[in-house]
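What follows draws every value from the coordinates through simple rules; no lab data is involved. Note that the coordinates shown come from a computational prediction; the quantities given were computed from them, not determined experimentally. When we count neighbours, we look across all protein chains shown, and the Cβ atoms used for this are built from the backbone with ideal geometry, even at glycine.
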Amino acid sequence: MDNKKLEAVKYRKGFIAALDQSGGSTAKTLEKYGISKDSYSSEDEMFDLIHEMRKRVFLSKEFSSEKILGAILFYKTMMSKVDDEYTADYLWNKKHIVSFLKIDKGLADEENDCKLMKDIPDLDEQLEEAKKKNIFGTKMRSVIYKANEKGISDIVDQQFEYAKRICDAGLVPIIEPEVDINAEDKALCEDILKAKVEEKLKSWNEKDLIMFKFTIPTVANKYLSLYDYPQVVRIVALSGGYTIDVACDYLAENEKMIASFSRALLEDLNVNQSEEEYDEKLGHAIDIIYEASIT
């Protein structure tokens, strides 16, 4: 493991930019960015366009290690280049920003009021390629809709099973058991989730470093005590569909929880903006997310 990257992720002020849209979310992201579905005729063309969108973010002068410590990448982004370097190398060498790889294959059908991850049959191959491309860690997402103890327990079991394999490969997993922001019993979901996570951490090898990505909790600082476990490198938050202002207001109430936003980071960007306007919009989003992350 690269100790300089670990130090950056563990201690540096800033947040993690989530730029790992895939599957159905790719078309929606492009449409929000001003590129309609009739602008491309194949999946390859669609992914080429999303890579160009991400490259514009990476190349912006506003996207720097002054306020951003990491970026979560989609597999095709990892395998693509920015300024003639593979994306993770460009981000570290030119920007001193650490890269993570989204490894999940999307969500399985809902069961017990939750959606587990689909199987990841090529996990070993992804991890091997990630190491070759100088990726620091991974990210994988499940979703909780109701306070169903069986469903939440299954999600935590699956996340930690994959996390162990990722740690064994020498990478740091981000475990993301998202609680839907519209869940009627959201606070209870978070109570159950935290208890299940702590059960795992009590017997987790201290050398197997992990991170968590949680929905911003209903009760501020719900997850703060997880830092008592030495295995926990950093706890980050997803925006979950909140607007950037709402997400940042909620995030600022949580000590030592930093942002890992996607939609909230990109919501005001458009393909037709001039470089000046684009940088101004991106810079404004970065500024307010950063301030909420360090409050």
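Points worth noting:
- Helical content of the chain, expressed as a calculated mean residue ellipticity at 222 nm, amounts to -13000 deg cm²/dmol (DSSP H runs of 4 or more residues, -39,500 (n - 2.57) each, divided by residue number, nearest 500).
- The loop-placed GluC sites (Glu not before Pro) in the range 10-78, going by DSSP, that have at most 16 neighbouring Cβ atoms within 10 Å of their Cβ come out as Glu66.
- DSSP beta bridge pairing in the range 3-207, given as percent antiparallel to the nearest 5: 25 percent
- Restricting the range 158-205 to GluC sites (Glu not before Pro) that sit in a DSSP loop and have at most 16 other Cβ atoms within 10 Å of their own Cβ leaves Glu184.
- Rounded, prolate or oblate (a/c below 1.5 giving rounded, otherwise prolate when a/b exceeds b/c) for the range 66-109 by Cα gyration tensor: oblate
- For Ile175, distant residues with modelled amide H under 5 Å away: Met211, Phe212, Lys213
- The listed peptides 260-272, 100-112, ordered by packing as a protection proxy, come out as 260-272, 100-112 (highest mean of other Cβ atoms within 10 Å first).
- A Förster distance of 30 Å, applied to the separation of the beta-carbon atoms of Glu291 and Leu6, puts the FRET efficiency at 0.75.
- Virtual paramagnetic centre 7 Å along Cα→Cβ of Asp84, amide N under 13 Å, in the range 46-61: none
- In the range 26-61, trypsin sites (Lys or Arg not before Pro) in a DSSP loop with at most 13 other beta-carbon atoms within 10 Å: Lys61
- Order of Met257, Met1 under a 10 Å beta carbon neighbour criterion, fewest first: Met1, Met257
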